[in-house]
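Notes to accompany the following structure.
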Amino acid sequence: MKMSPLKAGLIAMPVIGIVAFLYVVFSAMDKGETGPLDSYATGEMRAFVTLDDAPAQPDLAYVDGEGNEVLLADYRGQVILVNYWATWCGPCVEEMPALSDLQSELGGDRFQVVTITLDRSIEDARDFLTRMDLDNLPLIHDGTFSSPGRVRAIGLPMSILYDGQGREIGRVPAPAEWNSEDAYNLIRAAIRRGI
């Protein structure tokens, strides 16, 4: 029995629709792991954005709590979340315990939270971290105060996620709940990329 072209077309349309739907779903799932992590910009991470023209990772020499020079390049091979903050910034101060929780939960060989203070004195930041019992966060000071300009920050806090080669993955230009499942999912996705 021969089928008319119209009948064949009507039968084929739902099949084509299902195939197209599955293609879109699986393409979107794959994008979250290999392309920009924009699909993780939801819930507590809704402020996460990617920049097409992201500035280069600053090559500034910072100073740690012992007076040693620290470069962001020292973290090559690890995904890092660089958080620019200061004790005089209320939202920064509120965000620090969540960053400490993130470091406790996911910090290790493949990921680190790197906190860089823009306080006038490193001692202000040291006193704050000690008082708040945030000793798992690094004490790093930008004595040049030029980091915000270099990363095109419009204010503090500013958190920038870099891959293991120092390329910006994305940023959160606002305070965030870094101890949330949304944040953990974003960071885990960045780590899984294996860059």
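The values are calculated or read from the model by the stated rules, or taken from the named source; none is laboratory data. Just so it is clear, the structure is predicted and the values come from calculations on it, not from any experiment. Because the Cβ atoms are built from the backbone with ideal geometry, glycine has one as well, and the counts that use them run over all protein chains shown. Keep in mind that these areas ignore ligands, DNA and RNA; they rest on the heavy atoms of the full protein, side chains included. Shrake-Rupley method; radii C 1.70, N 1.55, O 1.52, S 1.80 Å.
For Asp59 and Asp109, compute 0.36 nm times the residue count separating them, minus their Cα-Cα distance, and round to one decimal in nm. Let's see the in-between values first.
Working: separation 50, 0.36 × 50 = 18.00 nm, distance 2.18 nm.
Taking Asp59 through Asp109 to full extension adds about 15.8 nm, to one decimal.
Roll a 1.4 Å probe over the protein chains and send me the accessible area per residue for region 86-181 in Å².
Numbers: 4300 Å² over 96 residues.
On a per-residue basis, 45 Å².
Order the following by accessible area, largest value first: Asp124, Asp64. Probe radius 1.4 Å; ligands, DNA and RNA are ignored.
Values: Asp124 75, Asp64 30 Å².
Per-residue accessible area, sorted high to low, gives Asp124, Asp64.
Which sequence of Thr130, Thr115, Thr87 reflects their accessible areas, 1.4 Å probe, from the largest down?
Order by accessible area, largest first: Thr130, Thr87, Thr115.
Let a ≥ b ≥ c be the square roots of the eigenvalues of the Cα gyration tensor of region 52-195; is it rounded (a/c under 1.5), or, if not, prolate (a/b larger than b/c) or oblate? Intermediate results must be reported in sequence, preceding the final value.
Numbers: a/c = 1.41, a/b = 1.19, b/c = 1.18.
Since a/c stays below 1.5, the shape of region 52-195 is classed as rounded.
Can you work out the Karplus-derived ³J(HN,Hα) for every residue in region 152-162? Use 6.51 cos²θ - 1.76 cosθ + 1.60 with θ = phi - 60°, whole Hz, and x for glycine or proline.
Once θ is set to phi - 60°, the couplings for region 152-162 become 6, 7, 9, x, 10, x, 9, 10, 10, 9, 10 Hz.
If you place +1 on the Cβ of every Lys and Arg and -1 on the Cβ of every Asp and Glu, how big does the dipole about the Cα centre of region 43-179 come out, in debye to the nearest 20? Provide the component values of the computation, followed by the final result.
Numbers: 10 positive and 23 negative charges, 80 e Å.
About 380 debye.
For region 72-134 and region 142-190, compute the distance between their C-alpha centroids and round to whole Å.
About 11 Å separates the Cα centre of region 72-134 from the one of region 142-190.
How many nm is it between the label spots at Ser180 and Arg193, if each spot is 7 Å from the Cα in line with the beta carbon?
2.1
Using a ≥ b ≥ c from the Cα gyration tensor of region 66-114 (square roots of the eigenvalues), is it rounded, prolate or oblate, where a/c under 1.5 gives rounded and otherwise the larger of a/b and b/c decides, a/b for prolate? Numbers along the way, then the final one.
Details: a/c = 2.42, a/b = 1.31, b/c = 1.84.
Since a/c reaches 1.5 but b/c is at least a/b, the shape of region 66-114 is classed as oblate.
Between Arg150 and Asp124, what length comes free when the chain is fully extended (0.36 nm per residue of separation minus the Cα-Cα distance, one decimal in nm)? Spell out each step's value before the answer.
Details: separation 26, 0.36 × 26 = 9.36 nm, distance 2.32 nm.
Roughly 7.0 nm would be gained on extension.
Of all accessible surface on region 63-123 at a 1.4 Å probe, what whole percent is carbon and sulfur? It would help to have the intermediate numbers written out before the result.
Numbers: 1180 of 2660 Å².
That fraction is 44 percent.
What distance in nm lies between label points placed 7 Å from Cα along the C-beta direction at Asp135 and Leu71?
Roughly 3.1 nm, to one decimal.
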